[in-house]
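Asker: The structure is given below, and queries will be raised subsequently.
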Amino acid sequence: MARVAVVTGGTRGIGEAISLALRDAGMSVAANYAGNEQKAREFTDRTGIRSYKWDVSDCEACQAGIKQVEAELGPVDVLVNNAGITRDATMKRMTRQMWDEVIDVNLGGCYNMAKAVWDGMTGRKFGRIVNIGSINGQAGQYGQVNYAAAKSGIHGFTKALAQEGARAGITVNAIAPGYIDTEMVAAVPEDVLQKIVARIPVGRLGRAEEIARGVEFLCGENAGFITGSTLSINGGQHMY
Ligand code: CAA
C-alpha cells in the first residue's frame, strides 16, 4: 500500500513542490495549510492532492488533523515539517508578537506535528521525518533574529529526535534551503534581494523543485541509514 505523507504548508511554494514530488514518488499525500483557502482549493483542483486546514502552532489542532488524515488516507509514515512564516525586522523594531509568531509556527509546529505522528511511527517501526530549516538558521541573517533562531532550533530538534527514532526505524533529517524563488523571498525588498543573489555562487535563486528533490531522496525506502543529517541546498551560498 502507498505510504501516507503529510506535508505542512503543502499547498504553496516549496511545500507545493514537495507534495507533488512525494505524490509522483507513489505516496498518498495530505497537504496541510493554515490560511489561504483559495490557493488550497486551486491546488487540490489542479493536482488531485487533498488539502487539510489546521494551524501547526496549535498542538490540539495538529492531533485532530492527523486523526482526520489517518481516518481518510491511512497511518502517516512520512512527515515533512515545511510550514514557515517570516516577520522580518531589525531588533529595534521587532515586537514580542513577531518573535512569538515565528517561534510558535516554525519551531513549535515541528514539535506539535512530530508529537502527533510519533506513537504511530514507533509502533509500526517505520518513519521518515524531514524538517525544513534554512541557510539563515545556519548562518544568521540581518533582520531575522526570530526566524534564524527558529530555524537554528529546527536543526537541533532534528539531531535530537533522530537519536530517539533511530532504533525504531524512524529517520529524522533536515534540509537547509538557501534563497528559493517563492512568495516568501519575493517579499524581501528588491535592493536587498539583489545584494543577496549577488552572493550566491550559482548566480540565481533556487527553484522549489530543487528542494523537493532532496526531500524525496530523504523519504525513500532505501534512505534508512541517513538520519540526523542536514542537506544544504543553497547554490553554494553557505558551505559548512
Ligand atoms: N548587513 C548590514 N547592514 C544591513 C544589512 C546587512 N545584511 N541589511 C541592511 N542593513 C543596513 C542598511 O544598509 C541600512 O543601513 P543605513 O540606514 O545606514 O543605510 C539599515 O541596515 C536599515 O536597512 P533597511 O533600510 O533595509 O531597514 P528596514 O528597517 O527598512 O528593513 C529589514 C530591515 C526588514 C531587515 C530589511 O532589510 C529586510 O527585509 N531584509 C531582508 C531579510 C531577509 O533576508 N529575509 C529573508 C526572507 S526569505 C527567507 O527567510 C527564506 C529563507 O529561509 C532563506
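Asker: Could you give the length gained on full extension between residue 95 and residue 186, defined as 0.36 nm per residue of separation minus the Cα-Cα distance, in nm?
Answerer: Numbers: separation 91, 0.36 × 91 = 32.76 nm, distance 2.28 nm.
That pair, residue 95 and residue 186, stretches by 30.5 nm at full extension.
Asker: Same structure, new question: Using the Cα gyration tensor of region 93-166, with a ≥ b ≥ c the square roots of its eigenvalues, what is the shape: rounded (a/c below 1.5), prolate (a/b larger than b/c) or oblate (neither)?
Answerer: prolate
Asker: Separate question: Reachable lysines from residue 39, Cα under 18 Å, same-chain residues fewer than 8 places away excluded?
Answerer: 53
Asker: Within the set 115/151; 92/159; 115/195, which residue pairs have Cα atoms separated by over 28 Å?
Answerer: 92/159; 115/195
Asker: Counting Lys +1, Arg +1, Asp -1, Glu -1, what net charge surrounds residue 121 among other residues with beta carbon under 14 Å of its beta carbon?
Answerer: +2
Asker: To the nearest whole percent, what portion of all C-alpha pairs in region 121-209 is separated by more than 22 angstrom?
Answerer: Of all Cα-Cα distances in region 121-209, 39 percent exceed 22 Å.
Asker: Next up: Lys and Arg at +1, Asp and Glu at -1: add these up for the other residues within a Cβ distance under 13 Å of residue 26 and post the number.
Answerer: Once positives and negatives cancel, what remains is -2.
Asker: Treating the angle as unsigned and between 0 and 90°, give the value, to the nearest 10°, between the Cα long axis of helix 109-124 and the longest Cα principal axis of the chain.
Answerer: 30
Asker: Something else now. Once you have the alpha carbon radius of gyration of region 84-240, what is it after dividing by 2.2 N^0.38 Å, with N set to its residue count?
Answerer: Ratio of Rg to 2.2 N^0.38 Å for region 84-240: 1.08.
Asker: Sketch the reach of a paramagnetic label on residue 124 as a point 7 Å from Cα along Cα-to-Cβ, and name the residues of region 71-111 whose backbone nitrogen lies under 17 Å away.
Answerer: 71-81
Asker: Shifting gears a bit: Quick one: Cα centre-to-centre distance for region 13-78 and region 174-205, in angstrom?
Answerer: Cα centres, region 13-78 to region 174-205: 26 Å.
Asker: What angle do you read, to the nearest 10 degrees and between 0 and 90, between the alpha-carbon axis of helix 145-165 and the longest principal axis of the chain?
Answerer: Its long axis makes an angle of about 30 degrees.
Asker: Roughly what % of DSSP beta bridges within the chain run antiparallel, to the nearest 5?
Answerer: 0
Asker: Just check region 19-101 against the gyration tensor rule for me: Cα atoms, a ≥ b ≥ c as the square roots of the eigenvalues, rounded for a/c under 1.5, and otherwise prolate or oblate depending on whether a/b exceeds b/c.
Answerer: It is prolate, given that a/c is not under 1.5 and a/b is the larger ratio.
Asker: Moving to a separate point now. Using only helices, what value at 222 nm comes out for the chain when you add -39,500 (n - 2.57) per DSSP H run of length 4 or more and divide by the total residues, to the nearest 500 deg cm²/dmol?
Answerer: -14000 deg cm²/dmol
Asker: Once you list every other residue whose beta carbon is under 15 Å from the beta carbon of residue 160, what net charge do they have if Lys and Arg are +1 and Asp and Glu are -1? All intermediate terms of the calculation are to be shown ahead of the outcome.
Answerer: Working: positive: 115, 159, 167; negative: 164.
Summing Lys/Arg as +1 and Asp/Glu as -1 gives +2.
Asker: Same structure, new question: Highest mean first, what order results for 54-67, 87-100 on Cβ atoms within 10 Å? Could the numbers behind the result be given before it?
Answerer: Working: 54-67: 18.7, 87-100: 12.9.
Those peptides, ordered most packed to least, come out 54-67, 87-100.
Rule-based calculations on the coordinates, nothing more; no lab input. For clarity, every value in this text was computed on a predicted model and none was experimentally measured. A quick note on method: Cβ atoms are made from the backbone with ideal geometry, for glycine too, and the neighbour counts reach across all protein chains shown.
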